[in-house]
Amino acid sequence: MKKVENKFYLLVIIMVCFSIHSFVLGNESRKLNVLLKYSENMKVDGYETQLLSYDFNKDGIDEKLMVNIQDNEGVLKIIVSIYTLQNNEYILSYQIPFEKKVHLLNINYGKNQIEKIKEYYSDYSKNLKEGEIRYITILDNNTTEKIYFDLQFDKYSPKDLDNFLFTKKTSEFKESPDSNTKTVFKTKYKEKPKALLEVITEDTEKIEKWYLAELGSENIKRGFIHAENTSVSKRGFYWDKMQFEMSKFDKFLEDSKNKEYKLYTIKEYKPMKDDTYSSKDKYGNRNNQSIIGYSNPDKTGYTINIPDQTIFRIIREKGDMIEIETPFYLKSYFIKNNPKNYTKWELEDKVNKFIIIDTESQTEGIFERDKKNKYKVITYSFVTTGKDNGLFSYETPKGMFLVAATRPFMAFGKKIIEEEKEKIEISGTAKGAIRFSGGGYMHGIPTSLKDEGNGRKVTESKIGTFKESHKCVRHFDDQISFILKWVNSDSKTMVRDYTIPEDPVVVIVI
């Protein structure tokens, strides 16, 4: 009954929001087929069809709307098509699918999308050419019903910036999605205008993809930039993507428990290991502090590099090989059955602490599960991840890893030969050290012992820009101090000068 009431309420919202002058309920069938010319008896197979009128630009001439709603057991798929008057005919000009499906038990998102269709109309309708159709995606917040914010440290957490355009170099934003229109504002290196819309323009000559973005907090400016413009890149705090990865991990644990599989982690940590060149695998990982996974037990087919601290389960033995599955990879792989290469993970219950690092967006979210099985974000920020050269500098490895240990600081340096003995020469330090894979740590700003101040400031200023570390994930110092305390909790378990976290913490690098 609640779902029926809410569905009716959503239809009322649509009518009220658009102050309709007409309303027609079409029949349901199966195939979606949007006509290019408006007709009062239009119907769309498989959808309930709402035909409405609304004056978007307040010029006294109504635009025509077709709202298509498909109900799949209380979850609604909604597409809005807008027809504008051209040469005395109403022609399809804009089509806007709701990015997320609307659940009938929570329809606030649907109402919010309708308001944004109205709010952004003056932007996405500018300089529409005759015969042109614009397909629009509203880039709203990326949260899900399973994620909420309970921030305990927000000094470096940007507000209302789930989707943004990172500026690599000075960029020009246009009045409309057309390169020949005037420039309305420019952005400089490191600026991050908020991305509002993705607009695909289609006419008889070409198809192009554009972004509508806005810059400023008081004197707000909006403009379009071509998606293929290499001076900017689309990035974001993709909470929905992060939640998907955590849910995938949870399902892996639940399935392992139900099938009585034991859990393990790869053990391939070799400090200051001499590097040798290796190729990238399909996931972008090299064979640095990793073991080789084979697609077949006879070592034919392709291989992948499975990094240190990767979480996995053993499926079966096959000669001198074992078949394993991880929560990250899409299939099983075979590794050599060498107990020195892995260790058993004695997990008592479930994992409640997650750190998710998005290497493409240079962003990070820290999550903790609550008693209702939802994920609360306790802090988030920009970070700097690894840059690959294939020898002594590597991309931060992709995968799902168990945090091994922490230290209050880390030192970095190089091997030297002194008096015919191999020694380590310390060249700098960084605050905090959370080891999650091989020599890959989460830490603060690395500072050379010879640095007089400027180098540190430069390194800090690059956080959230490009991949630049040798493998680790760099943070602001007070940010890593907060994370370190949260990871360790009240643990008193020490191995030399390393603390072993009291609760399991999983790092997911995507």
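Suppose we filter segment 297-312 for residues that are closer than 27 Å to VAL403 by Cβ and assigned to a loop (DSSP other than H, G, I, E, B); how many remain? Even if it seems obvious, please write down each step before you answer.
The first filter runs over segment 297-312 and keeps only residues closer than 27 Å to VAL403 by Cβ, leaving 303-312.
Now narrow it down to the ones that are assigned to a loop (DSSP other than H, G, I, E, B): 308-309.
Matching residues across segment 297-312 total 2.
If you go through segment 162-201 and keep only what is within 17 Å of the chain's Cα centre (by Cα) and either of a type in the set (S, T, N, Q) or surrounded by fewer than 17 Cβ atoms within 10 Å (Cβ to Cβ) (or both), you end up with just ASN163. Considering (1) part of a helix (DSSP H, G or I); (2) modelled with pLDDT of 95 or more, say which one ARG456 fails and leave the rest. Of (1) part of a helix (DSSP H, G or I); (2) modelled with pLDDT of 95 or more, only one is false for ARG456: (2).
Residue-wise test of (1) in a loop (DSSP other than H, G, I, E, B); (2) basic (Lys, Arg); (3) at positive phi.
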site	(1), (2), (3)
SER233	no, no, no
PHE244	no, no, no
LYS248	no, yes, no
PHE252	no, no, no
LYS257	no, yes, no
GLU260	yes, no, yes
GLU268	yes, no, no
ASP275	yes, no, no
LYS280	yes, yes, no
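Do we have any residue at all in segment 120-134 that's assigned to a strand (DSSP E or B) and either assigned by TED's automatic domain parsing to the domain that holds GLU214 or over 29 Å from the mean Cα position of the chain (by Cα) (or both)? So far as segment 120-134 goes, yes, one or more of its residues are assigned to a strand (DSSP E or B) and either assigned by TED's automatic domain parsing to the domain that holds GLU214 or over 29 Å from the mean Cα position of the chain (by Cα) (or both).
For segment 28-50, a tally of residues being buried (at least 18 other Cβ atoms within 10 Å of the Cβ) and either acidic (Asp, Glu) or more than 36 Å from the chain's Cα centre (by Cα) (or both) returns 4.
Among the criteria (1) touching a residue at least 60 places away in the same chain (Cβ under 8 Å); (2) closer than 20 Å to TYR238 by Cβ, the one PHE153 does not fulfil is (2). Pairing each residue of segment 23-52 that is on the phi > 0 side of the Ramachandran plot with any residue that is at pLDDT below 75, provided the two are 6+ apart or on different chains, yields C-beta distances under 9 Å for GLY46/GLU28; GLY46/SER29; GLY46/ARG30; GLY46/LYS31; GLY46/LEU32.
Quick check, is ASP71 touching a helix residue (DSSP H, G or I) at 6+ places or on another chain (Cβ under 8 Å), over 22 Å from SER122 (Cα atoms) and modelled with pLDDT under 95?
Details: touching a helix residue (DSSP H, G or I) at 6+ places or on another chain (Cβ under 8 Å): yes; over 22 Å from SER122 (Cα atoms): yes; modelled with pLDDT under 95: yes.
Taking the combined requirement at face value, the residue satisfies it.
The residues in segment 280-291 that are under 15 Å from ASN337 (Cα atoms) and either surrounded by fewer than 17 Cβ atoms within 10 Å (Cβ to Cβ) or in contact with a Gly (Cβ under 9 Å, 6 or more places away or on another chain) (or both) can be counted, and the count is 1.
Scanning segment 370-388 for residues that are in a strand (DSSP E or B) and farther than 22 Å from SER489 by Cα yields PHE382, THR384, GLY386. Condition check for LEU391 on (1) modelled with pLDDT under 95; (2) surrounded by 17 or more Cβ atoms within 10 Å (Cβ to Cβ); (3) assigned to a loop (DSSP other than H, G, I, E, B): one failure, at (2).
Here is the figure for segment 102-119: residues that are exposed (fewer than 14 other Cβ atoms within 10 Å of the Cβ) and in a loop (DSSP other than H, G, I, E, B) total 1. Screening PRO327 against (1) in a strand (DSSP E or B); (2) buried (at least 18 other Cβ atoms within 10 Å of the Cβ) leaves a single unmet condition, (1). Across segment 296-314, the number of residues qualifying as surrounded by 15 or more Cβ atoms within 10 Å (Cβ to Cβ) and either aromatic (Phe, Trp, Tyr) or on the phi < 0 side of the Ramachandran plot (or both) comes to 12. Number of residues in segment 317-338 that are over 28 Å from the mean Cα position of the chain (by Cα) and β-branched (Val, Ile, Thr) equals 2.
Residue check: TYR269 meets all listed conditions (1) in the same structural domain as PRO177 (by TED's automatic domain parsing); (2) touching a strand residue (DSSP E or B) at 6+ places or on another chain (Cβ under 9 Å); (3) in contact (Cβ under 8 Å) with a residue 40 or more places away in the chain but one, namely (1). For segment 202-225, the count of residues that are surrounded by 16 or more Cβ atoms within 10 Å (Cβ to Cβ), touching a residue at least 24 places away in the same chain (Cβ under 8 Å), within 30 Å of VAL507 (Cα to Cα) and of a type in the set (Gly, Ala, Ser) is zero. Of the residues making up segment 36-51, those that are assigned to a loop (DSSP other than H, G, I, E, B) and of a type outside the set (Gly, Ala, Ser) are LEU36, TYR38, GLU40, ASN41, MET42, LYS43, VAL44, ASP45, TYR47. Tell me, please, whether a residue that is out of contact with any His (no Cβ under 8 Å at 6 or more places or on another chain) and part of a strand (DSSP E or B) can be found in segment 150-162. No.
In segment 339-369, which residues are of a type outside the set (Val, Ile, Thr), assigned to a loop (DSSP other than H, G, I, E, B), surrounded by 12 or more Cβ atoms within 10 Å (Cβ to Cβ) and over 17 Å from the mean Cα position of the chain (by Cα)? Walk me through how you get there before you give the answer.
First, the residues of segment 339-369 that are of a type outside the set (Val, Ile, Thr): 339-342, 344-350, 352-354, 358, 360-362, 364-365, 367-369.
If we keep only those that are assigned to a loop (DSSP other than H, G, I, E, B) too, we end up with 345-350, 352, 360-362.
Those still in the list that are surrounded by 12 or more Cβ atoms within 10 Å (Cβ to Cβ) too: 345, 347, 350, 352, 360-362.
Result: TRP345, LEU347, LYS350, ASN352.
Against the numbered list (1) over 23 Å from ARG286 (Cβ atoms); (2) modelled with pLDDT of 95 or more; (3) touching a strand residue (DSSP E or B) at 6+ places or on another chain (Cβ under 6 Å); (4) not acidic (Asp, Glu), LYS423 comes up short only at (2).
Any idea which of SER171, SER217, SER157 is over 29 Å from PRO97 (Cβ atoms) and in contact with a strand residue (DSSP E or B) (Cβ under 7 Å, 6 or more places away or on another chain)?
Numbers: SER171 fails: over 29 Å from PRO97 (Cβ atoms); SER217 fails: in contact with a strand residue (DSSP E or B) (Cβ under 7 Å, 6 or more places away or on another chain).
Being over 29 Å from PRO97 (Cβ atoms) and in contact with a strand residue (DSSP E or B) (Cβ under 7 Å, 6 or more places away or on another chain) holds for just one of SER171, SER217, SER157, which is SER157.
The values are calculated or read from the model by the stated rules, or taken from the named source; none is laboratory data. No experiment lies behind these values; they were computed from the predicted model shown. Virtual Cβ from ideal backbone geometry, glycine too; neighbours counted across all protein chains shown.
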